[in-house]
Each structure stands twice: as structure tokens, then as C-alpha cells.
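A quick write-up on the structure given underneath.
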Amino acid sequence: MAYLDLLDSILRGGGQGLGASFREAQATWIEGRELPGGGFAGRRGDRADLYYTDFALRALDLIAPESSVFANTARHLQWHARPPGDITETLSLLSCARALQRQGGRVRADRRAVERALAAQALPGGGFGPPGQSTISAYQTFLGVICAQMIGHEEPSRSVATQIAALQRPSGGFAESSADASAQTNATAAAAAVLLMDNGLHQADLPGAGRFLVENQAADGGLRAHPEAPASDLLSSFTGLLTLMLIGEPRELDLPALARFVRGAASPDGGFGAMPGDIGADVEYTFYGIATLSLLRTLLDGEGG
């Protein structure tokens with residue numbers, strides 16, 4: 001099963017269990033962020049950005065697949081979608097196209113432009129690095145492998161799994177690149193996902209990775225980006241919980257405390273900020289909030305079953 005299909009299957013059931021009033025309130029907030037010409041911007045932006053448009057579609061696909069935003073976005077991207085310049089833009093474009101296709105819409109995604117963007121960051125030994133760099137990146141490889149899956153390319157080579165496994169550090173977590181001495185939550189999530197997609201999980205110490213993630217849960221209930229981070233954040237909380245679910249150890253976390261952290265990041269008027277006390281909200285962190293609550297709902301339903 002492709003990674004995004006697996007993610008959908010994990011999130012969808014929990015998302016529908018969040019309750020109609022919650023889903024309606026969040027959908028209304030997201031729809032209210034749509035720009036007049038279509039598309040979505042970041043928190044401080046006023047121009048449509050494919051990255052944030054993708055997160056808005058992902059969230060609505062989870063809680064409000066009947067939203068009019070899908071038709072509006074399809075029309076917007078029909079005229080404004082540009083060839084992707086890097087792997088991040090490539091994933092955003094392909095992910096938007098994937099969500100819109102499920103709703104009967106279409107986005108122009110020139111395969112040659114997509115392949116050029118992937119090739120520009122592909123490394124000779126397999127995997128992907130940041131633009132202009134020759135060292136493997138856990139995050140860029142994660143994005144690149146997902147993009148390759150979406151256009152029907154073969155699965156990553158065994159050498160990719162070997163290189164990613166080499167990023168594991170004594171703490172059990174994974175570093176973003178070979179130049180980094182310390183592990184990070186999001187790099188660990190990216191590395192574990194690549195190993196999962198390559199059937200290379202046996203090459204890493206997964207219990208060690210699980211311990212690293214669990215130890216990154218802070219007193220406020222959320223997960224930190226790395227052990228020295230001053231505060232938890234919603235992105236790290238989502239990626240950490242998801243990874244623990246994929247490797248079979250989510251209940252090692254204090255799940256009620258994590259749920260309180262996530263709910264604390266919700267704005268009273270809808271949307272989510274990066275953490276409790278964040279005075280703003282944006283569609284990216286709103287997706288992370290909805291998705292994390294969906295994962296927690298799935299775990300709770302599993303206990304009840």
C-alpha cells in the first residue's frame with residue numbers, strides 16, 4: 001500500500017469519529033480562509049500558496065469532503081498551477097491533484113516537470129538531498145519517495161534504506177543528515193516512513209526510535225522537535241504519534257496528556273496554532289491538529305473494540 005493511502009486509512013476513521021459539531025466548526029474556519037481568487041495562504045501571506053492550499057485540502061478531505069473548496073481550488077489551479085521548482089512544491093502539487101481527483105476535479109501536473117524536479121535533488125547513490133546539496137536528507141528523501149510513488153515509479157532501492165538507517169543516532173532517533181550529531185522528532189518520523197516504504201525497517205533499531213520519541217514528550221503533553229527544544233509543538237506531536245502507531249508503540253505515550261495539549265492549541269473561533277498560547281492559527285497547523293485528534297480517536301476506538 002502506498003504511504004499516503006496508508007495514512008488515509010489510519011486517519012479517516014478517526015476523523016469521522018471526532019463529532020459533527022467539531023468537524024463543522026473546523027471546516028467553516030478553513031473555508032473562511034480561502035482567498036477570493038481561490039487557494040490558501042500562510043498565516044502572514046495574502047497570496048495563494050500551493051503548500052498551504054494542499055494542507056487545506058487535506059484537512060477538508062478528512063472532515064468535509066463535500067466542501068465547495070474543492071471545486072474552487074480546481075478552477076484556481078487550472079489557471080495558476082506552475083511547474084514545481086523543487087521536491088516540496090512537487091509533493092504539494094501532486095497531493096492537491098490527488099485530493100481533487102477524489103472529488104471529481106483535475107489539476108495539470110506535467111509529468112516531465114515533476115520528473116525534472118525530482119531528478120534535480122536525486123543523489124547518485126539513491127535518495128534525495130536538499131536543493132544544491134549532495135548529502136542525503138531524511139525529510140527530502142521522505143518527500144521524494146512519496147512523489148515517486150504517486151507517479152508510479154519503482155520503490156526506493158535497498159541502498160536508500162541503508163543510507164537512511166545510517167542516520168540513526170545512539171539516542172535511538174534519527175538525524176536529518178549525516179552532518180547532524182543529534183536526532184530530531186521529525187527526522188525520525190521521516191526516516192521511519194522511508195524504511196517502512198522500502199521494507200527496510202529491519203535495518204534500524206525501531207524500539208530505540210520509539211523510546212526516543214516517547215522521551216521527547218514534554219510535561220505539557222506534546223512532543224518536542226528535539227530534546228533541547230524549549231517547547232512542544234503540534235507538528236512534532238503529530239509526526240511522533242503517527243510514527244509510534246506505525247511501529248507499534250503509541251501507548252507508551254501519555255495519551256490523555258497529549259490530547260489536552262492538542263485541544264489547548266485549538267483557537268476558540270476555529271483553527272489550530274502551533275501550540276497552546278499561540279495567538280494565531282493557520283491551515284497547516286489546523287491539519288496537524290485535526291490529524292492528531294484523528295489518530296487519538298482511532299486509538300480510543302481500538303481500546304473500545
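The values are calculated or read from the model by the stated rules, or taken from the named source; none is laboratory data. All of these numbers come straight from a predicted model, not from anything done at the bench. Cβ placement follows ideal geometry from the backbone for every residue including glycine, while neighbour counts extend to all protein chains displayed.
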Say we look at segment 180-193 and pick out the residues that are hydrophobic (A, V, I, L, M, F, W, C) and free of Cβ contacts under 8 Å to residues at least 60 places away in the same chain; which of these is surrounded by the fewest Cβ atoms within 10 Å (Cβ to Cβ)? Ala181
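Conditions tested, residue by residue: (1) on the phi < 0 side of the Ramachandran plot; (2) modelled with pLDDT of 90 or more; (3) in contact with a Lys or Arg (Cβ under 8 Å, 6 or more places away or on another chain).
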{"position": "Ser21", "(1), (2), (3)": "yes, yes, no"}
{"position": "Ala25", "(1), (2), (3)": "yes, yes, no"}
{"position": "Trp29", "(1), (2), (3)": "yes, yes, no"}
{"position": "Gly32", "(1), (2), (3)": "yes, yes, no"}
{"position": "Pro36", "(1), (2), (3)": "yes, yes, no"}
{"position": "Ala41", "(1), (2), (3)": "yes, yes, yes"}
{"position": "Asp46", "(1), (2), (3)": "yes, no, no"}
{"position": "Ala56", "(1), (2), (3)": "yes, yes, yes"}
{"position": "Thr73", "(1), (2), (3)": "yes, yes, no"}
Kindly indicate whether Leu93 is buried (at least 22 other Cβ atoms within 10 Å of the Cβ), closer than 30 Å to Met245 by Cα and under 20 Å from the mean Cα position of the chain (by Cα). yes
With the requirement that a residue be surrounded by 17 or more Cβ atoms within 10 Å (Cβ to Cβ) and either within 21 Å of the chain's Cα centre (by Cα) or among the hydroxyl-bearing types (Ser, Thr, Tyr) (or both), what does segment 35-48 give you? Gly39, Phe40, Ala41, Ala48
Please verify whether Ala59 is outside any loop (DSSP other than H, G, I, E, B) and touching a residue at least 24 places away in the same chain (Cβ under 8 Å), treating the condition exactly as stated. yes
Thr135 fails exactly one of (1) polar (S, T, N, Q); (2) surrounded by 21 or more Cβ atoms within 10 Å (Cβ to Cβ); (3) touching a residue at least 40 places away in the same chain (Cβ under 8 Å), namely (2)
May I ask you to list the residues in segment 283-304 that are acidic (Asp, Glu) and either in contact with a strand residue (DSSP E or B) (Cβ under 8 Å, 6 or more places away or on another chain) or modelled with pLDDT under 95 (or both)? Asp301, Glu303
Looking at segment 137-147, is at least one residue touching a Gly at 6+ places or on another chain (Cβ under 7 Å), β-branched (Val, Ile, Thr) and within 21 Å of Ala189 (Cβ to Cβ)? yes
Check segment 197-217 and report whether any residue there is in contact with a Pro (Cβ under 8 Å, 6 or more places away or on another chain) and closer than 27 Å to Ala117 by Cα. yes
Collect the residues in segment 144-179 that are surrounded by fewer than 21 Cβ atoms within 10 Å (Cβ to Cβ), under 23 Å from Leu241 (Cβ atoms) and modelled with pLDDT of 95 or more, keeping them in residue-number order. Ala165, Arg169, Ser171, Gly172
